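Contents: one structure, followed by commentary.
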Amino acid sequence: MLKQVEGSAAVAEAVALCRPEVICAYPISPQTHIVEGLGKLVSAGRLAPCEFINVESEFAAMSVAIGASAAGARAYTATASQGLLFMAEAVFNAAGLGLPIVMTVANRALGAPINIWNDHTDALSQRDCGWIQLFAEDNQEALDLHIQAFRLAEELSLPVMVCMDGFILTHAYERVDLPTQEQVDAYLPPYEPRQVLDPADPVSIGAMVGPEAFMEVRYLAHAKQRQALELIPAWADEFKRVFGRESGGLAHTYRLEDAETVVVALGSVLGTIKDTVDELRDQGVRIGVLGITCFRPWPTAAVRAALANAKRVVVLEKSLAVGLGGIVSNNVSASYPGSPDDVHTVVAGLGGRAITRASLRRVFTEAIEGRLEHVTFLDLDHKLVERVLAREREQRRSGPIAEGILKDLGVVAAKIG
Amino acid sequence: MKPKPFAITLDPGSSLANHTGSWRTVRPEYVDRLPPCNHACPAGENVQGWLFHAEAGDYEQAWRVLTRDNPLPAVMGRVCYHPCESSCNRGQLDQSVGINAIERYLGDEALRRGWKFQPPERQSGKRVLVIGAGPSGLSAAYHLAMRGHAVTIREAGPVAGGMMRFGIPKYRLPREVLDAEVQRIVDLGVTLELNSKVDDVLAARREGGFDAVFLAVGAHIAKRAYIPAGSAAKMLDAVSVLRGMETGEQPLLGRRVVVYGGGNTALDVARTAKRLGAEESIIVYRRTREKMPAHESELEEALQEGVLVKWLSTIKQAGESSITVEKMALDAKGNPQPTGQFETLEADSVVLALGQDVDLSLLDGVPGLEVADGVVKVDDSMMTGHPGIFAGGDMVKGERTVTVGIGHGKLAARNVDAWLRGEQWVHPPQHELATFDKLNTWYYTDAPKSKQPILDTIRRQSTFDEVVGGYDETTAQFEARRCLSCGNCFECDNCYGVCPDNAVIKLGPGKRYEFNLDYCKGCGICVSECPCGAIRTVAEEI
Amino acid sequence: MTHQPIRFYQTGTFTVGNRLLAQEQRSVQAQAGRTNSLNSGHRACQGCGEALGARYAIDAAMDATNRQLVAANATGCLEVFSTPYPETSWQIPWIHSLFGNAAAVATGIAAAMRVKGRENVRVVAQGGDGGTTDIGFGCLSGMFERNDDVLYICYDNEAYMNTGVQRSSATPPAARTNTTMPVGSSTGARFGQGKNLPRIAMAHEIPYVATATVAELRDLEAKVRRAMEFRGARYIHILVPCPLGWGHGSAETIRMARLAKETGIFPVFEAEHGEVTNVSKIRRPLPVEEYLRPQTRFAHLFKPPGHPEIIARLQQLADRNIRRYGLLDTEAAS
Ligand SMILES: Cc1ncc(C[n+]2csc(CCOP(=O)(O)OP(=O)(O)O)c2C)c(N)n1
Ligand code: SF4
Ligand SMILES: [Mg+2]
């Protein structure tokens, strides 16, 4: 059924169709509309039997989900940014315990400075937590990925994080195709836990494991994720059979045929990138796009294959490995058959900074012309940062410190505001 | 279901594979310590042992355990001065357990219900002569009979009971109680020959074809003291007064009676005199109340009945209707010394209660048999210097109480039995004493001692009705349950419960517990928390 | 006292069992067939009060729920000594997630059970004092406030034991821990700090709050049983002496708990819907010194020249408890 709805509403509907049994909610922008939507559905009795729990923190949200999942319930929560970090310990724990929780991360920047707008720093900070991480390109995909996520999670006994760009997707009204309950039921069998807290078959979950077996436990987690690389495309195929559209999988390629330059990115920015690429293609530039849907497990083979013929790669990412450069690009480099020097990192859109076609066009052109630095920051106010840096250098050398700071604050703070 | 996650998810209770017993440096061990009551009992009763059954309301079993050592519980429950209670650990907590009264309850219950002794399955074919049917002789006869020996008791008097009959007034021991308990011993197949004085032990043994002899003729020749007395002065001795009460020759004591002496017998006579109508019954005793050998409770009862005591006094002279007493004073050593102050007391009669001697005439010419200080010498096995002739009770050295006599009878019987088989009886090793410090008294409920009913004073002054009444069942059980079970497991489950390692195995009712040394870490909590001190810690041999 | 004191067999109801009581009058721990929810082979120190308290409480809960019980456990000694791979001592369905989230995990389990229509399966969360009063406090308070159907049991050994005895907000004043060392002018943990979690729990007005110690098994079991009669959030705070952290002999664990109660330092009571409904009276009143002296964590108070003024302050704390809860027979509970 086609419907013009807000992204959050679409996701709420999708999650609802998956018959969640326990939903934990703690508000944080830009995730709020999702859980509000679900809350309304639960209140209306549409999801019965389902428990909607207003917890006191994200840490509790994930913890309640852990308990529910371990007790055999299909558990869901959503968060973003600070919230994700607030629950970080439990996020790792859920993965370690192999509990198939599904969580939406409405991607948002991390403070300080506090900022509610979109980038990928939050999700990528958790890249090694053991969760499967899927990134949606648009609202239709966000919706579809949630349905796939439950299937994936439960088949693999692993938690899955569905990442969608805060505001850009969560708050955007788009037309989406909402599947029917029958379709979802046909795709998603009831949850059959691999381990469950049940008085009839008592087990101890969450043992302490020492050096004698810890490596093995970690290896097995790794092996399971690597296995997922084979299963994810298969379930995407099945998804297509049931729902009649392509969605999910490890990665999407766009106009890669004969592309010498490949732009790699995650999430909604792929739309703008594709538009830009279309423009460049129209001008005869051999450029294509690789959109990563599955960031964890990292689809090494798929990336390698997609980049096999690329002369250069531009990784445009909404995240920053402070002190190094790119996070995604680092992963891409590892899977690029060519020289790492030909993998460019473009850090873009941090804290919600707009990514325009013009700017993209500029960096892609620079890359093609060999003028792009290894790591660049899209649309950075170079003048401003230079001034601040200069001041700081100066300050360290001369003048009464307090006076220097005041001066700096007065001028610089007003400017950046 | 798919296989469970490796290492993180584990099967229930699997830690049994980890034997934490290897951590141990000390080990708990169940012990049976000797309860102080048992330890103090001259008759060697397993007091704690029979209380255990009484607690459960199994009075017959309690009585059976009791009578393994003492065949006269209804008597003992009245006349014993119960050293068990004086040493009872509960005395340090609140008040001692009323052991004696419970014993009486059991004895009475047995009589009421007609419980009999279980005769032995086989007879030994040996014959034993017991001379004297007092407590010691009856006890020996019982224990010997229970061991399969054919026992004949020869008693000089017309009835059995000895000092239980002739020394203890019936207001303390009703005769039907005594008779019934004696009869039960006779019913075991013991031959009791009354009015059958033995003048020559060796002849009696030979003629009767006895394999062994137990002498228990007691001590009933009253000790005399020299008191200048006028010809008309009426001087009697306690033994004959009390004996007269039994044989119907009721003594004529007059309105004012003076009893000379400070033992229980003195009190018995004084109290008897009161009941016989004496207006004044005065005890003259040369020391103080604290030094009086008589039992405190008896003195108390006597005073209640109106008996008077002249402390620190000796009789200097007795006249027709008065006596002269001299006041005494205690010297530095606590001995009474004359003061030269005199006093006259009116007295229609003076009864001397100064102790008794043994009639040793029947022992003349027994080779090897030795006498010293007026009593027969016996070795550890209660045997005299003459093989096969044993002796006990008041005629040997020791405290002269019914209970001691019963104990002698039991000990002698064991030794006679061994001797008849050509063996030597050896006392089994004694357990360590269960002293108060071994207990964890926190666990015991607060419970005051139960009182026995007492006859009202008027009737005590005019009749020979029994003064002290018995417990009813509820009281007996309550009182039994005050027992701390010192040193002996009473299956309270504390060790089983308090072990943090579940290393105590509960074996089921009556079977107590066992340590599971595979898991016991030796923390010692069970030892500290055992209420009754039945667990100890021993070093682990490494 | 919640339990009906049995009027009298030798030890009344003070002992674990009593051979003369009817089966249904006996404690759960006295049963030969008790669950031993925490099995032998665990790695708790010798004489560990927490191991004991946990078995007491969970066996009682098993009994009260007809063995339909699931537990969530916070990180801490109890978790570490019971479930080191490859063996677990638990015989019940049990999960350990994190140090600070046991209450929330339990909420999740309870929610799952409700969804599955298995409300007969009851949920217990448990942790040490650190996991309860400090790091897990947020989750605990949330669970209380939502009145989730969870019984939370805190095993209070008054410090972070598993990490080697550091101060928690349940550490009593003057106690030595490795982070409150009585060196220089310091006399151990400071006065005027710390949290009274049972009272905080009561402030949430949850259906049931109780304190207990390992020294009074019947009382503890009765409280677990009572707790299981309610739906909603319930809290039981059990004092569990720790030979290692308190520095008393391993055989003295129960005695220490008993002394804590008898001196008034640790009030034993229960409250329903925020109001005290019952207190366990002190049976044999004792000065706090009796409790302090056997523990090396208080040894600095007795080393010459001694600190009578500190002991007096601790006595005042005990006296306040005695007044506040009416712990002596003559005083009424407030
Ligand atoms: C988030 C986190 N912080 C710190 C720790 C370290 N830690 C593990 S157990 C423990 C002490 C537990 O103390 P408590 O809760 O009182 O239980 P106890 O060991 O005393 O029974 C600490 C501090 C941890 N595991 N997780
Ligand atoms: S440190 Fe204390 S709480 Fe931890 S196992 Fe040892 S005794 Fe038990
Ligand atoms: Mg602790």
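The values are calculated or read from the model by the stated rules, or taken from the named source; none is laboratory data. Quick caveat: nothing in here was measured; it's all calculated off a predicted structure. Reconstructed Cβ throughout: ideal geometry from the backbone, glycine too, with neighbour counts over all protein chains shown.
For segment B:28-51, the criterion of being in contact with a strand residue (DSSP E or B) (Cβ under 6 Å, 6 or more places away or on another chain), within 10 Å of chain C (Cβ to nearest Cβ), within 30 Å of B:Tyr519 (Cα to Cα) and at pLDDT 95 or above is met by at least one residue.
Does B:Ile542 meet the test of being modelled with pLDDT under 95 and either not assigned by TED's automatic domain parsing to the domain that holds B:Ala56 or not small (Gly, Ala, Ser) (or both)?
Against the criterion (modelled with pLDDT under 95 and either not assigned by TED's automatic domain parsing to the domain that holds B:Ala56 or not small (Gly, Ala, Ser) (or both)), B:Ile542 qualifies.
Within segment C:26-38, if we keep just the residues that are crowded, with 24+ Cβ neighbours inside 10 Å and either among the acidic types (Asp, Glu) or assigned to a loop (DSSP other than H, G, I, E, B) (or both), the residue that is nearest to ligand 3 (Cβ to nearest atom) turns out to be C:Ser37. Residue pairs whose Cβ atoms lie under 9 Å apart, sitting 6 or more positions apart in sequence or on different chains, and linking a residue in segment C:42-57 that is more than 7 Å from chain B (Cβ to nearest Cβ) and in contact (Cβ under 8 Å) with a residue 40 or more places away in the chain to a partner that is of a type in the set (Lys, Arg) and assigned to a helix (DSSP H, G or I), are C:Ala57/C:Lys223.
Would you mind stating whether B:Ile168 is modelled with pLDDT under 95 and in the same structural domain as B:His143 (by TED's automatic domain parsing)?
The answer is yes for B:Ile168.
Being more than 10 Å from ligand 3 (Cβ to nearest atom), closer than 14 Å to C:His237 by Cβ and touching a His at 6+ places or on another chain (Cβ under 9 Å) is a property that does not hold for C:Phe137. Conditions first: (1) touching a residue at least 12 places away in the same chain (Cβ under 8 Å); (2) in contact with a helix residue (DSSP H, G or I) (Cβ under 7 Å, 6 or more places away or on another chain); (3) surrounded by 24 or more Cβ atoms within 10 Å (Cβ to Cβ); (4) within 11 Å of chain C (Cβ to nearest Cβ). B:Gly533 passes all but one, so which condition is the exception? Going through the list (1) touching a residue at least 12 places away in the same chain (Cβ under 8 Å); (2) in contact with a helix residue (DSSP H, G or I) (Cβ under 7 Å, 6 or more places away or on another chain); (3) surrounded by 24 or more Cβ atoms within 10 Å (Cβ to Cβ); (4) within 11 Å of chain C (Cβ to nearest Cβ), B:Gly533 breaks only (4). Among the residues of segment C:163-185, those identified as among the small types (Gly, Ala, Ser) and either more than 8 Å from ligand 1 (Cβ to nearest atom) or within 14 Å of another protein chain (Cβ to nearest Cβ) (or both) are C:Gly164, C:Ser169, C:Ala174, C:Ala175, C:Gly184, C:Ser185. Entry remark, segment B:217-232: residues being surrounded by 17 or more Cβ atoms within 10 Å (Cβ to Cβ) and more than 18 Å from B:Ser321 (Cα to Cα) number 5 in total. Only residues that are closer than 18 Å to A:Glu58 by Cα and within 7 Å of another protein chain (Cβ to nearest Cβ) were counted across segment C:82-99, and they come to 2. Can you pull out every residue in segment C:71-81 that is near ligand 2 (Cβ under 10 Å from one of its atoms) and more than 8 Å from chain A (Cβ to nearest Cβ)? Matches in segment C:71-81: C:Gly76, C:Cys77, C:Leu78, C:Phe81.
Of the residues making up segment A:201-215, none is touching a Gly at 6+ places or on another chain (Cβ under 8 Å) and without any contact (Cβ under 8 Å) to a residue 60 or more places away in the chain. Only one entry of C:Gly188, C:Gly264, C:Gly245, C:Gly194 meets the criterion of being more than 15 Å from the chain's Cα centre (by Cα), crowded, with 23+ Cβ neighbours inside 10 Å, away from chain B (no Cβ under 14 Å) and within 16 Å of ligand 1 (Cβ to nearest atom), and that entry is C:Gly245. Screening segment B:508-530 for residues that are under 35 Å from the mean Cα position of the chain (by Cα) and more than 8 Å from every other protein chain (Cβ to nearest Cβ) and picking the one that is farthest from C:Ala44 (Cα to Cα) gives B:Gly510. Of the helices (runs of 4 or more DSSP H) contained entirely in segment B:161-211, those carrying at least 1 residues that are surrounded by fewer than 21 Cβ atoms within 10 Å (Cβ to Cβ) and aliphatic (A, V, I, L, M) fall at B:175-186, B:201-208. Please verify whether A:Ala251 is more than 26 Å from the chain's Cα centre (by Cα) and more than 14 Å from every other protein chain (Cβ to nearest Cβ), treating the condition exactly as stated. So A:Ala251 fails the test. When each of B:Thr20, B:Thr9 is tested for being closer than 30 Å to B:Ile542 by Cα and either facing another protein chain (nearest Cβ under 10 Å) or without any contact (Cβ under 8 Å) to a residue 60 or more places away in the chain (or both), the lone residue that passes is B:Thr20.
Results for (1) within 16 Å of ligand 3 (Cβ to nearest atom); (2) of a type in the set (Val, Ile, Thr); (3) more than 30 Å from C:Asp149 (Cβ to Cβ), shown as yes or no for each residue.
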{"site": "C:Asp219", "(1), (2), (3)": "no, no, no"}
{"site": "C:Ala233", "(1), (2), (3)": "no, no, no"}
{"site": "C:Gly247", "(1), (2), (3)": "yes, no, yes"}
{"site": "C:Glu252", "(1), (2), (3)": "no, no, yes"}
{"site": "C:Thr263", "(1), (2), (3)": "no, yes, yes"}
{"site": "C:Ala271", "(1), (2), (3)": "no, no, no"}
{"site": "C:Gly306", "(1), (2), (3)": "no, no, yes"}
{"site": "C:Leu314", "(1), (2), (3)": "no, no, yes"}
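Residue pairs whose Cβ atoms lie under 7 Å apart, sitting 6 or more positions apart in sequence or on different chains, and linking a residue in segment B:298-324 that is over 17 Å from B:Val468 (Cα atoms) to a partner that is surrounded by fewer than 16 Cβ atoms within 10 Å (Cβ to Cβ) and polar (S, T, N, Q), are B:Trp311/B:Thr288; B:Leu312/B:Thr288; B:Ser322/B:Thr344; B:Thr324/B:Thr344.
Residue by residue, here is whether (1) more than 9 Å from ligand 1 (Cβ to nearest atom); (2) buried (at least 24 other Cβ atoms within 10 Å of the Cβ) holds:
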site	(1), (2)
C:Trp94	yes, yes
C:Val105	yes, yes
C:Met113	yes, yes
C:Val123	yes, yes
C:Thr132	no, yes
C:Phe137	yes, no
C:Leu140	yes, yes
C:Asp149	yes, no
C:Met161	no, yes
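Can you pull out every residue in segment B:363-379 that is over 12 Å from B:Met395 (Cα atoms) and surrounded by 14 or more Cβ atoms within 10 Å (Cβ to Cβ)? Those that are over 12 Å from B:Met395 (Cα atoms) and surrounded by 14 or more Cβ atoms within 10 Å (Cβ to Cβ): B:Val366, B:Leu369. Being away from ligand 3 (no atom under 13 Å from the Cβ) and of a type in the set (A, V, I, L, M, F, W, C) is the filter here; which residues of segment C:71-96 pass it? Answer for segment C:71-96, where residues must be away from ligand 3 (no atom under 13 Å from the Cβ) and of a type in the set (A, V, I, L, M, F, W, C): C:Ala71, C:Ala72, C:Trp90, C:Ile92, C:Trp94, C:Ile95.
In the set B:Ala40, B:Ala110, only one residue is closer than 25 Å to B:Met163 by Cα, crowded, with 23+ Cβ neighbours inside 10 Å and hydrophobic (A, V, I, L, M, F, W, C); that residue is B:Ala110.
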